[in-house]
């Protein structure tokens, strides 16, 4: 089992719809969870992080964390063509050092 | 200033060359990272420096040699690379290794091509 798994995608949604991106992780000791957006040929850009169970909202983005189910998701409301990118879920697994593990990413395409 | 600056942006090198990648941040971050990212793959951690000391080497071949001259700078020295080492090399930094404060800021990367 991979440490961090995501929907393989690609995910296509029409403009204005809600895009739902999912991520599961295997290590119950994981402490913090991140969503990065990466445009083709560019570096990852942090868009959300969440530490506690529940929802965290920032503008059109909502991150949801359920530690019991080892599940974290990202909802993008009112999707725009500019949201088309690869979304990377990342998990901080606290051991004796600070290490962030990335999932394989989900490619999102927002269709005008 | 919330930037991590990497130079050069692009690098083409032969298998016998020696080159260096540079990374700089002025956010007072004490943890810095090198990642390697192949096309359509997620970033893979290579090295972690914490307070200017190497704390993680993810079994990276010795042809990659990291260096942290001071708290703002991180270098990656390259020697005798192979074509399969061609990738996007990303530098990142975070405040420190504190448990609850681990957001990493990424630089724009150096796209390396080994010929």
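Rule-based calculations on the coordinates, nothing more; no lab input. Note that this is a predicted model, so its numbers are computed, not measured. All Cβ positions, even for glycine, are placed from backbone atoms using ideal geometry, and neighbour counts span all protein chains on display.
Fewest to most neighbouring Cβ within 10 Å: what's the order for A:111, A:101? Don't skip to the end; give the middle numbers.
Details: A:111 11, A:101 20.
Ascending number of Cβ neighbours within 10 Å: A:111, A:101.
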Inter-part gap, Cα centre of the stretch A:35-112 to Cα centre of the stretch B:1-61, in whole angstrom, is 22 Å
Hey, got the average number of other protein chain Cβ atoms within 10 angstrom for residues in A:40-49? 5
Residue A:15 versus residue A:111: modelled label distance in nm, points set 7 Å from Cα along the beta carbon direction: 1.4 nm
Could you work out the mean count of beta carbons from other protein chains within 10 Å of each residue's beta carbon in A:76-88? 0
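Suppose R0 equals 25 Å; then what is the FRET efficiency for residue A:40 and residue B:82 from their Cβ-Cβ distance, rounded to the nearest 0.05? Write down the numbers at each step before the final one.
On the way: r = 25 Å, r/R0 = 1.00.
Plugging the Cβ-Cβ distance into 1/(1 + (r/R0)^6) gives 0.50.
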With labels modelled as points extended 7 Å from the Cα through the Cβ direction, what inter-label distance (nm, one decimal) is found for residue B:16 paired with residue A:55? 6.3 nm
Counting only C-alpha contacts under 8 Å and six or more residues apart, can you give the relative contact order of chain B as a whole percent? 36 percent
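Ranking B:79, B:29, B:10 by Cβ neighbours within 10 Å, fewest first, what do you get?
Values: B:79 15, B:29 18, B:10 9.
Lowest count first: B:10, B:79, B:29.
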Work out the mean other chain Cβ neighbour count within 10 Å for the residues of B:104-112 and drop it here as an integer. 3
Please give, to one decimal in nm, the separation of the simple spin-label points placed at residue A:80 and residue A:31, each 7 Å out from Cα toward the Cβ. 3.5 nm
